Each structure stands twice: as C-alpha cells, then as structure tokens.
1. Just check segment 66-142 against the gyration tensor rule for me: Cα atoms, a ≥ b ≥ c as the square roots of the eigenvalues, rounded for a/c under 1.5, and otherwise prolate or oblate depending on whether a/b exceeds b/c.
2. Taking R0 as 22 Å, what FRET efficiency do you get between Lys343 and Thr259 from their Cβ-Cβ distance, rounded to the nearest 0.05?
3. Out of Leu238, Gly76, Leu307, whose Cα points farthest toward the positive end of the dipole of the chain (charges: +1 Lys, Arg; -1 Asp, Glu; placed on Cβ)?
4. Can you tell me, using C-alpha contacts under 8 Å and at least 6 residues apart, the relative contact order of the chain as a whole percent?
5. Lys and Arg at +1, Asp and Glu at -1: add these up for the other residues within a Cβ distance under 15 Å of Leu229 and post the number.
6. Cβ neighbours within 10 Å, averaged per peptide: list 299-309, 12-22, 325-335, 29-39 in order, most packed at the top.
7. Using mean Cβ contacts within 10 Å as the protection proxy, how do 278-286, 261-269, 220-228 order, highest first?
8. Please state the shape class of the chain: rounded when a/c is under 1.5, otherwise prolate if a/b exceeds b/c and oblate if not, all from the C-alpha gyration tensor.
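Bear in mind that the values in this text are calculations on the coordinates, not laboratory data. Being a predicted model, the structure only gives us computed values, none of them experimental. So basically every Cβ, Gly included, is an ideal-geometry build from the backbone, and we count neighbours across all protein chains shown.
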Amino acid sequence: MITPPSAWPFAAIFAVIAVAAAVLCALFIVLLRPLLVRYALARPNARSSHREPTPQGGGIAVIAAMVVVMVGIAVGAPALLGDVSRMALVFVAVIGLAVVGAVDDVRPMDALPRLAAQAVAALVVVLVLPAGLQIFPALPLWLERALMLIGALWFVNLVNFMDGIDWITVAEVVPVTAALAAIGVIGGLPSDATIIALALLGATLGFAPFNRPVAKLFLGDVGSLPIGLLLAWLLILLAGNGFIIAAILLPLYYIADATITLLRRTVAGESIMQAHRSHFYQRATDGGFSVIEIVARIFGANIVLALLAISTLVTPSRELHIGALAAGCLLVGVLLLRFARGKN
C-alpha cells in the first residue's frame, strides 16, 4: 500500500518535462518529415491498414526528444535522476535499438540479426536493474533475470506487432505512461523512472497530431522497438517494487491481443514471421470498425485499466487486487471478442 503525499514539490518540474518533450518531438517531426518522405516511405503490404505510401520514422523524433530532455535534466538537475550512469546505459540500449529500427525501416533486416540486436538491448536494461530488485523472491535471482530478459524481448516485439493502425500506439502509450507517472508521484516508482515515463508521455503526445487518422506519419520500427523496451523496463521496476498486479493491468490489452494472436497462429501452423492481419484490432478493421472506433475503444479500456492499476497501490486489500485483475481481464476479453466478431 502507498499513502499519497500531501504535496509533491516537483509537480511543476514534471509538468515542464512532459511539455518540453511534446514540443521538441513536434518540432523534430516538422524538420525531419521532408527527409522521411524522400527516404522512408512505408508502402502497403499484407499487414498494412493504409492504402497510400506514407512516410515512417516518426519514432526518430520521439526518441530524440526524450534524449534531449534527459540530457538536459542530467546536466541541470542530476539529483532528479539518481544514478545518472544507469540512465545513460538505459538510453544507450534505447538509442541502439532505435538505430536497428531505423535500418529496418529503410531496408528490412533478416529476422536473426534483428532479434539478436533486440536481445542485446533487452539484456542491457535488465543488467542495470537495481541489484536487490526481485519480483518473486522464491526464484533464484539468475532465473528471474533470465525470465525478465525474455519478457523484455517479447515486449519489444509486442509493441512493434501492435503498431499497425493510426493512433493505436498513442492510445496505448499515453494512458500507460500517464499512469506510471502518477504512480511515481505517489511513490510507486523511483524519480528517474517517473521522469522517463513523463518524457515518453510528452513525446508521444507531440507525435500524436501527425499520426491522427488518416496519418501523415507513422512511428516506424525506429520508434516502436525502443518504446517497447522503455515500457518493459518501467513495468519491471513497478513489479519489482511489489506492484505486480498494476504492472500486469497497465499493458493488458496489448499483451492479450499480441500473445493470443501469436499462440493462435502457432497452433494453426502459420509462420509467425510472415506479415498478417490476424491481430484482433486488424480483424476489427476488416469487420467494419473504423480506425477511430477501434482506437477510441482501446484508449477507453486503457484508461479503465490504468485506474484499476492505481487502485491496487492505495489499498493493501488482497481481495481488491484480485478483483481489479479479474475486472481488467474481463474488460479486455470482452473488447477482444467484440473486435473478433466485427461491427455487423
């Protein structure tokens, strides 16, 4: 249980961080878009929901805005970040994964080197976790760290898989990072993680107007891969601080859609590396839902999941925690079923 403080002295600073990241991201997009139109057009394929070639690579602006904000804080107010060297290593992994994504956006890479690069980035963020952090103390630390590595690697790909229609990543990342920032404010995350959540929230909001249906710009692998890595790291920290139910609830829609789809394709003997339109949100577009209708439902579900997650931090009741998880699973299950059945 966490007792919210009566006042939060850094509230104004935190608001400035989010606003600065949003403004920087939008500015970078305006500057970069002519180059992206020329060199990074995403052409429709079997997985696509767009019909016209559209520039991708908006993630460059998202990550660049976060890096500028974090460097500014490291120089101007390093005490807010705690262990600056740890943050530097996290962003080395993030930038490295962004570079891999940028290359893949321009010239698709083979699956094995792409997965190897993702694994290295995931390994870095797992290695810089606090030494005493453990979600399940009954497990040997080496085994839990190995499971965290697998989970982080899956989350990197999960966010990439789900970034298939306009605004869907915005509808996921904004509620999740806003909830993580709120959780940090009430003491559920360290200040450095809270600041990263705020910077990612702001940068995503700066990207949102350009990705509004019908999108003028896509995030691209350069954005979806490092965003997945950052979210995985934040959620591991949250779970390691004793709030595992909250860490499950926040990304529950993405986890359910991507994982069930993967399992269903595996059982059917389909190649999981082949482009497809089997995700529930993709089936919803084929079933008559508009993009706005889909992302509005996902955004609404994520708001409810965020409120359920926060509720588990402010009360010690195990019954409430179980009830919150059950309610979240029911909500996501109903939404997936609705998407699968189609509008008509």
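1. Oblate.
2. On the way: r = 24 Å, r/R0 = 1.10.
Taking R0 as 22 Å, the efficiency between Lys343 and Thr259 is 0.35.
3. Looking along the dipole axis, the top candidate is Leu307.
4. Reported relative contact order: 26 percent.
5. Spelling it out: positives minus negatives among the neighbours equals -2.
6. Top to bottom by mean Cβ count within 10 Å: 299-309, 12-22, 325-335, 29-39.
7. 220-228, 278-286, 261-269
8. Values: a/c = 1.41, a/b = 1.16, b/c = 1.22.
Note, shape of the chain comes out rounded.
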